[in-house]
Amino acid sequence: MQTLKSFLSGSWQTGADPQTDLHNATTGDVIAQTSTRGLDLDAALAYGRKVGGPALRSLTFAQRGEILGKLASVIVTHRDQLLDLSLQNMGTTRGDGKFDVDGASGTLAYYAKLGQGLGERTWLADGDQVQFSRSKRFVGQHIWSPRRGIAVHINAFNFPAWNLCEKLACAVLAGMPVLAKPGTATALVSVRLVELWQEAGVLPDGALQLLVGSAGDLLSHLGPQDCVVFTGSGSTAQQIRSHPQVLRYNVPVNIEADSINATVLGPDIEPGSDVWTMFLAEVAREITQKAGQKCTAIRRIVVPAAVADEVQAELVARLQDARVGDPGTAGTTVGPVAGPAQHRDVVAGLQQLASHAQVVWQATGVPAQGCFAPTTLFRSDAGAAAEFVHDHEVFGPAATLLPFAGSAEQAVEIVARAGGCLATSVFSDDAAWAGEVVLGVAPYSGRVYWGSSKVFDQGTGHGAVMPALVHGGPGKAGGGEELGGERGLRFYWQRTAIQGDTQLLRALVG
Ligand code: NAP
């Protein structure tokens with residue numbers, strides 16, 4: 001059995017026993033183990049600050065971008081190996097594995113290009129000079145410069161490649177070194193990625209470290225120039241936000257957490273129309289892709305009551321077409337959830353949801369061995385008053401139909417009830433009705449996806465995170481924001497207002 005190592009302070013290190021097991025999600029067998037016990041995390045953070053930080057800050061945006069481009073190329077070159085590991089560790093079908101691995105290389109490539117565009121500078125001005133008195137000589141200028149600490153990236157289990165890379169791309173381009181901690185259950189892909197990057201010698205020393213296993217006392221060693229970027233559950237987010245060291249130094253924390261995303265079908269959409277078909281395809285994909293383990297997946301399907309039965313029947317037909325089974329077998333479209341712990345959570349969540357909403361369809365013949373969860377469609381006619389449906393994210397292949405009377409106001413009320421989402425979609429050609437819904441749900445959503453007949457065959461999908469657009473959501477979704485092109489770099493920078501002689505400031509800013 002493989003014992004995974006952490007890459008800290010410039011070398012691969014093994015933690016002391018006892019070890020934590022990693023499983024093959026399809027069979028349930030233990031395939032690897034890891035521990036972080038006894039590893040010197042204080043030294044690792046110091047190493048990143050002292051060695052990786054200066055190395056990255058000495059590079060221009062274009063040079064940092066070049067590094068990101070090389071990281072992306074390494075992934076592309078070793079794509080099949082990474083997809084195999086993803087299948088082995090977390091039971092992804094090839095399509096689901098590609099969503100993670102190609103998303104990782106695509107995001108790195110996007111930020112590589114952004115780095116080229118930012119060019120030969122090492123930091124940025126923010127806006128123009130500001131004149132605040134009668135004097136034209138004494139002015140102000142805002143600048144962004146990289147923080148001098150280390151960025152701690154704590155990732156969830158569901159995207160071991162993409163989650164690592166989307167955070168890394170922004171930090172490296174911004175000029176900050178990283179210590180990344182993948183979700184332990186599915187760490188094999190992240191470990192292999194860092195091994196491959198090390199072998200390729202692409203990153204400056206200290207620019208990226210990897211902690212494989214429990215976070216241990218990591219957060220106790222944070223300093224005032226460090227920052228934390230977290231993806232995972234709301235309960236862990238709370239622990240991180242309230243950590244004494246985070247509070248002591250006001251360490252910036254960006255959180256992406258639970259999100260009970262919704263989709264809304266407009267009353268103008270006729271059964272059988274292009275948008276109707278687009279809507280159903282989108283919902284079916286969101287329930288089944290990655291066995292529903294996507295932070296952006298649709299959990300609530302808000303449909304006009306007049307067509308709710310028709311939506312239900314067509315959706316069930318599509319879900320029946322999905323083939324659950326061994327993800328390594330051709331034709332399988334839904335694999336297991338990522339591991340035994342995730343399986344326990346999903347099964348418990350499905351049981352709880354079943355006591356608050358009606359089960360209208362559940363997959364049968366799901367393998368008993370391994371970590372398979374039955375794809376399940378629920379329905380509640382209680383709208384915004386439905387209990388549990390709006391409060392608890394079942395992180396697996398399940399969603400709930402929520403019929404509504406058809407008013408924009410009511411649709412907004414139902415979406416808002418979850419207290420903040422990463423992504424909400426609206427399917428309608430009615431500019432006035434949909435406009436009201438889009439603007440109404442916007443304060444509760446990080447991203448709103450508007451499907452309509454002119455784009456029915458062009459959309460990128462409700463659940464796909466695009467590096468050029470922000471990813472994050474208010475309230476329950478964590479209140480964070482990642483990506484969004486250059487916006488994603490700002491978390492790693494300090495904005496400073498500098499006051500002085502207009503000519504001197506002009507010389508500084510260039
Ligand atoms: P989790 O249990 O909160 O774990 C997330 C990460 O935090 C893991 O790396 C975990 O390490 C680490 N962790 C746990 N306790 C910690 C502590 N006290 N201090 C520091 N780190 C700690 O969540 P998960 O089960 O991996 O992920 C599932 C959840 O993430 C779902 O609820 C989903 O909504 C959410 N999610 C959100 C997004 C988004 O973008 N908003 C994306 C994906 C997932 P170990 O693995 O070693 O326990």
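The values are calculated or read from the model by the stated rules, or taken from the named source; none is laboratory data. Worth saying up front: this structure is predicted, and the values here are computed from it rather than measured. Heads up, the Cβs are rebuilt from the backbone with ideal geometry, glycines too, and the neighbour counts pull from every protein chain shown.
Quick rundown of the values:
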{"read-out": "Check on THR288, touching a helix residue (DSSP H, G or I) at 6+ places or on another chain (Cβ under 9 Å), under 28 Å from GLY472 (Cα atoms) and at pLDDT below 95", "value": "no"}
{"read-out": "Flag if GLY396 is surrounded by 21 or more Cβ atoms within 10 Å (Cβ to Cβ) and assigned to a loop (DSSP other than H, G, I, E, B)", "value": "yes"}
{"read-out": "Extreme residue, nearest to ALA297 (Cα to Cα), among residues of segment 454-474 that are modelled with pLDDT of 95 or more and not in a loop (DSSP other than H, G, I, E, B)", "value": "HIS471"}
{"read-out": "Any pair with Cβ under 6 angstrom, 6 or more apart, that starts in segment 336-348 at a residue that is within 15 Å of SER86 (Cβ to Cβ) and ends at one that is assigned to a helix (DSSP H, G or I)", "value": "VAL337/ALA291; VAL337/HIS343; VAL337/VAL346; ALA338/MET90; ALA338/ALA185; ALA338/THR186; GLY339/ALA185"}
{"read-out": "From LYS50, LYS98, residue being assigned by TED's automatic domain parsing to the domain that holds LYS113, farther than 18 Å from CYS371 by Cβ and without any contact (Cβ under 8 Å) to a residue 60 or more places away in the chain", "value": "LYS98"}
{"read-out": "Verdict on ALA442 being modelled with pLDDT of 95 or more, over 30 Å from PRO224 (Cα atoms) and either within 16 Å of the ligand (Cβ to nearest atom) or surrounded by 19 or more Cβ atoms within 10 Å (Cβ to Cβ) (or both)", "value": "no"}
{"read-out": "Answer from LEU211, LEU203 - the residue that is on the phi < 0 side of the Ramachandran plot, within 12 Å of the ligand (Cβ to nearest atom), surrounded by 20 or more Cβ atoms within 10 Å (Cβ to Cβ) and not basic (Lys, Arg)", "value": "LEU211"}
{"read-out": "Near pairs, Cβ below 6 angstrom, 6+ apart or cross-chain, from segment 58-77 (among the β-branched types (Val, Ile, Thr)) to any residue that is surrounded by fewer than 16 Cβ atoms within 10 Å (Cβ to Cβ)", "value": "THR60/GLU120; VAL74/ALA200"}
{"read-out": "Count of segment 341-353 residues which are under 11 Å from PRO374 (Cβ atoms) and in contact with a Ser or Thr (Cβ under 9 Å, 6 or more places away or on another chain)", "value": "1"}
{"read-out": "Pick from segment 415-446, criterion among the hydroxyl-bearing types (Ser, Thr, Tyr) and in a strand (DSSP E or B), ranking: nearest to GLY480 (Cα to Cα)", "value": "SER445"}
{"read-out": "Matching residues in segment 306-335 - criterion: being farther than 17 Å from THR288 by Cβ and free of Cβ contacts under 8 Å to residues at least 40 places away in the same chain", "value": "ASP309, GLU310, ALA313"}
{"read-out": "Test: residue in segment 201-222 that is touching an Asp or Glu at 6+ places or on another chain (Cβ under 6 Å), part of a helix (DSSP H, G or I) and within 18 Å of ALA151 (Cβ to Cβ)", "value": "yes"}
{"read-out": "Segment 312-363, subset β-branched (Val, Ile, Thr) and either within 16 Å of the ligand (Cβ to nearest atom) or part of a loop (DSSP other than H, G, I, E, B) (or both), residue nearest to the chain's Cα centre (by Cα)", "value": "VAL337"}
{"read-out": "Residues satisfying the stated conditions in segment 244-292, i.e. part of a helix (DSSP H, G or I) and either assigned by TED's automatic domain parsing to the domain that holds PRO224 or among the basic types (Lys, Arg) (or both)", "value": "PRO244, GLN245, VAL246, LEU247, ARG248, TYR249, ARG285, LYS290"}
{"read-out": "Pick from segment 1-51, criterion among the aliphatic types (A, V, I, L, M) and under 30 Å from VAL324 (Cβ atoms), ranking: nearest to the ligand (Cβ to nearest atom)", "value": "LEU22"}
{"read-out": "Selection within segment 222-279 - away from the ligand (no atom under 16 Å from the Cβ), small (Gly, Ala, Ser) and touching a residue at least 24 places away in the same chain (Cβ under 8 Å)", "value": "GLY223, GLY266, SER273"}
{"read-out": "Enumeration of residues in segment 20-58 that are surrounded by 19 or more Cβ atoms within 10 Å (Cβ to Cβ) and assigned to a loop (DSSP other than H, G, I, E, B)", "value": "ASN24, ALA25, THR26, SER35, THR36, LEU39"}
{"read-out": "Looking only at segment 293-311, and only at residues there that are touching a strand residue (DSSP E or B) at 6+ places or on another chain (Cβ under 6 Å) and assigned to a helix (DSSP H, G or I), the one that is farthest from VAL337 (Cα to Cα)", "value": "ALA305"}
{"read-out": "Criterion (small (Gly, Ala, Ser), within 16 Å of the ligand (Cβ to nearest atom) and not assigned by TED's automatic domain parsing to the domain that holds ALA384) met by exactly one of GLY463, GLY485, GLY473", "value": "GLY473"}
{"read-out": "Some residue of segment 260-277 being at pLDDT 95 or above, within 24 Å of the chain's Cα centre (by Cα) and of a type in the set (S, T, N, Q)", "value": "yes"}
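Yes/no matrix, rows are residues, columns are (1) at negative phi; (2) over 25 Å from the mean Cα position of the chain (by Cα); (3) among the aromatic types (Phe, Trp, Tyr):
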| residue | (1), (2), (3) |
| --- | --- |
| VAL101 | yes, no, no |
| TYR111 | yes, no, yes |
| GLY115 | yes, no, no |
| THR122 | yes, yes, no |
| GLN131 | yes, yes, no |
| VAL152 | yes, no, no |
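Each row is one residue, and each column tells you yes or no for (1) touching a residue at least 24 places away in the same chain (Cβ under 8 Å); (2) out of contact with any strand residue (DSSP E or B) (no Cβ under 6 Å at 6 or more places or on another chain); (3) buried (at least 21 other Cβ atoms within 10 Å of the Cβ).
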| position | (1), (2), (3) |
| --- | --- |
| LEU87 | yes, yes, yes |
| GLY106 | yes, yes, no |
| TYR111 | yes, yes, yes |
| ILE154 | yes, no, yes |
